[in-house]
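In what follows, a single structure is set out as structure tokens and then discussed.
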Amino acid sequence: MISVEQLKVEFGVKPLFSGACFVINDRDRIALVGKNGAGKSTLLKILCGMQKPTEGVVAVPNDTTIGYLPQVMILQDDTTVREETRKAFANVTQLKARVDELNHQLSERTDYESEEYAALVERFTSEHERLLMMGAENCEAELERTLAGLGFTRNDLDRPTSEFSGGWRMRIELAKILLSNPDVLLLDEPTNHLDIESIQWLEQFLSTQAKAVVLVSHDRAFINNVTNRTLEISCGKVIDYKVKYNEYVTLRKERREQQLRAWENQQKEIADIKDFVERFRYKPTKAVQVQSRLKQLEKIVPIEIDEVDNSALHLKFPPCLRSGDYPVICDDVRKDYGQHTVFDHVTLTIKRGEKVAFVGRNGEGKSTLVKCIMNEIPFTGELKIGHNVQIGYFAQNQAQLLDESLSVFDTIDRVARGEVRLKINDILGAFMFGGEASEKKVKVLSGGERSRLAMIRLLLEPVNLLILDEPTNHLDMPSKDVLKEAIKAFDGTAIIVSHDREFLDGLVSKVYEFGGGKVREHLGGIYDYLRNCEKSGVEAFSLRTETTPVQPKATGTDDKTSKQSYAERKERQKLITKAEKAVKESERKIEQMEKRLKELDEILSKPENASDMTIVTEYTSTKKALDEEVEKWEEACMKLEELNNINI
């Protein structure tokens, strides 16, 4: 469909990439990957014809249509959501107008036997068949299904687009591009403004209905579920891997190891040649050989090694005070904006050391509850912050609070303490501020760059409760890995508002779902929650009637949850803590006994100790005690599981 030959792009002395050759075929699902600044967005612009390459050819057949979604675009504000989305069917609308006009001409003419009339009938038939083939009758239904999949309600469709935020208007543009059904879809960070449900719907759409797709995304789960091929821009080259992203990561690691071995061999060869030249440079009898070695040295083409993956960098939060056992306790919390209830009867307890996720559709109240916890907005009900709690809060507006007169390096240097100060450049590099970028003034940074800088600052502050609102929006995959590992190693408590499933996977042990004015607790990780909450396509993606979520009828369990007293929940938490201690104590004893049995095994394996009854007796008694302790451990685990599964 699209053929790329010897593509080269230059912005300055060193080209972004050169010699790029690849073909985009029908049904290809291609992930375009590479570090920030490698040229991914530039390549998409070249493929859609918005930008010209320095050299090379992009061959696109005349009948091939391309749909392109950039990261940022100018949006229209003078129509409703439905009218703006209908623009995707502009060619269908024009064809329908022509068919109506031809039909009108046929109804007015009476020269049924003439050649002109026959030609008009033939033309009408041909155009009408084309109209049917384009699915004109289903356009409106398809429009509603697509907008529903992207999170819009039925009442939203007739609202002016000017009432929606930039993120929602980007969803409208995405809907228009999908509905136009192009031969090739070029998508630059399409999931940035989508919630989990909408991302899953888009995955299904791209996998089953799109023709060819090339996408740039830092959402690892999304590209793994959609793509079957990976194009990497690295070291000024475009390398084609005919595998999905996870397999590409493995192949890339192997490739880099091969490069490193080849580079080491080349460095040894260069060193040997230079050593020979230095030893015999001034010996006339070796002049010919020296010149030969110098020519050999000139012909050597340096081997380039792919950029080092900074995800290996480990960050640790600085030491902080130990907080109380329950950093956050909500009891019957409610928040209203005028006549609209965002949520009510919110009753939850977050224990010290827990990592929890807030998930749900956009606008369901996740950030609102965070603001209640931060005491930034008024609410009703009881919300307690525990003893000695020091909150580190990251929200998108945190980036606006940075000192614009400082450089990137100085901003971090002012908060870094101890050994961390020696690693500032490594930390900045991991978050895409390597080299000269660290000397930039904050005032010249983009919104995304400021958000990353604010995130680094937070990582270096001594806090024991982290509240992160969409922390991964402006991070690439290596940076997200660094952040994820830092949070996993964090001793304190963390509340994470995110739609990034891969980021949350293995990080959180509890999920709070926001929807319909309620907040529901789900024990387990993000994929446990998604498996438990799987919905049929009709239920998940049909248009809801209300502009705001409907509050479902409270079940008996919901009533019990909302009415349960703080004292009852506290007593339950005590029992859970006691059960957890019992499990840990058993695990400690089991570990000690297993270690001792291993030592006794080694002693008895020696011939001189085989008949030592003291050792044999100790081995037997230790083995029996171990079996008994394992039974105790199993009982303690079952009790803990039962307590955790009690609905509160």
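Here are a few things to note about the model shown:
- Among (1) in contact (Cβ under 8 Å) with a residue 60 or more places away in the chain; (2) open to solvent by less than 60 Å² (accessible area, probe 1.4 Å), the one test that G49 misses: (1)
- Residue, farthest from N155 (Cα to Cα), within region 59-85, restricted to residues that are open to solvent by 40 Å² or more (accessible area, probe 1.4 Å) and modelled with pLDDT of 85 or more: A59
- Cβ pairs under 8 Å, 6+ apart, first in region 102-115 and closer than 17 Å to E127 by Cβ, second open to solvent by less than 70 Å² (accessible area, probe 1.4 Å) and among the hydrophobic types (A, V, I, L, M, F, W, C): L102/L120; L102/F124; N103/F124; Q105/L120; L106/L120; L106/V121; L106/F124; R109/L120
- When region 146-170 is limited to residues that are outside any helix (DSSP H, G or I) and exposed (fewer than 14 other Cβ atoms within 10 Å of the Cβ), the one that is farthest from the chain's Cα centre (by Cα) turns out to be P160.
- In region 201-215, residue nearest to the chain's Cα centre (by Cα) [restricted to those that are under 13 Å from N228 (Cβ atoms) and crowded, with 20+ Cβ neighbours inside 10 Å]: L215
- Every residue from region 417-436 that is farther than 21 Å from D481 by Cα and either touching a helix residue (DSSP H, G or I) at 6+ places or on another chain (Cβ under 6 Å) or among the acidic types (D, E) (or both): E419, E436
- Test: N192 is open to solvent by 20 Å² or more (accessible area, probe 1.4 Å), assigned to a helix (DSSP H, G or I) and touching a residue at least 40 places away in the same chain (Cβ under 8 Å): no
- Total residues in region 352-376 satisfying the condition of being open to solvent by less than 30 Å² (accessible area, probe 1.4 Å) and assigned to a loop (DSSP other than H, G, I, E, B): the figure is 3.
- Checking the stated criteria, K35 turns out to be modelled with pLDDT under 90, outside any strand (DSSP E or B) and closer than 26 Å to N228 by Cβ.
- Meets criteria (free of Cβ contacts under 8 Å to residues at least 24 places away in the same chain and farther than 26 Å from N246 by Cβ) for V415: no
- Tally of residues being out of contact with any strand residue (DSSP E or B) (no Cβ under 8 Å at 6 or more places or on another chain) and open to solvent by less than 30 Å² (accessible area, probe 1.4 Å) across region 485-502: 3
- The test for being surrounded by fewer than 18 Cβ atoms within 10 Å (Cβ to Cβ), not in a helix (DSSP H, G or I) and not charged (D, E, K, R) does not hold for N138.
- Residue in region 175-184 that is under 23 Å from G37 (Cα atoms) and either surrounded by fewer than 19 Cβ atoms within 10 Å (Cβ to Cβ) or at pLDDT 90 or above (or both) present: no
- Looking only at residues in region 569-598 that are of a type in the set (S, T, N, Q) and surrounded by 16 or more Cβ atoms within 10 Å (Cβ to Cβ), the one that is nearest to the chain's Cα centre (by Cα) is Q573.
- Filtered residues of region 145-171 (kept if closer than 28 Å to Y529 by Cα and not charged (D, E, K, R)): T146, L147, A148, G149, L150, G151, F152, T153, G167, W168, M170
- Region 325-351: number of residues that are in a loop (DSSP other than H, G, I, E, B) and in contact with a strand residue (DSSP E or B) (Cβ under 9 Å, 6 or more places away or on another chain): 3
- Per-region count, region 12-32, residues free of Cβ contacts under 8 Å to residues at least 24 places away in the same chain and not in a strand (DSSP E or B): 2
- Residue match in region 170-192 (condition: charged (D, E, K, R) and more than 20 Å from F222 (Cβ to Cβ)): yes
- Sole exception among (1) of a type in the set (S, T, N, Q); (2) open to solvent by less than 70 Å² (accessible area, probe 1.4 Å); (3) at pLDDT 85 or above; (4) not in a loop (DSSP other than H, G, I, E, B) for S311, by number: (3)
- Unmet criterion (only one of (1) closer than 20 Å to Q204 by Cβ; (2) assigned to a helix (DSSP H, G or I); (3) in contact with a helix residue (DSSP H, G or I) (Cβ under 9 Å, 6 or more places away or on another chain)) for L187: (2)
The values are calculated or read from the model by the stated rules, or taken from the named source; none is laboratory data. None of the values given here were measured: they were computed from a predicted structure. Reconstructed Cβ throughout: ideal geometry from the backbone, glycine too, with neighbour counts over all protein chains shown. Side chains included, ligands, DNA and RNA excluded: accessible areas come from the protein's heavy atoms. Shrake-Rupley method; radii C 1.70, N 1.55, O 1.52, S 1.80 Å.
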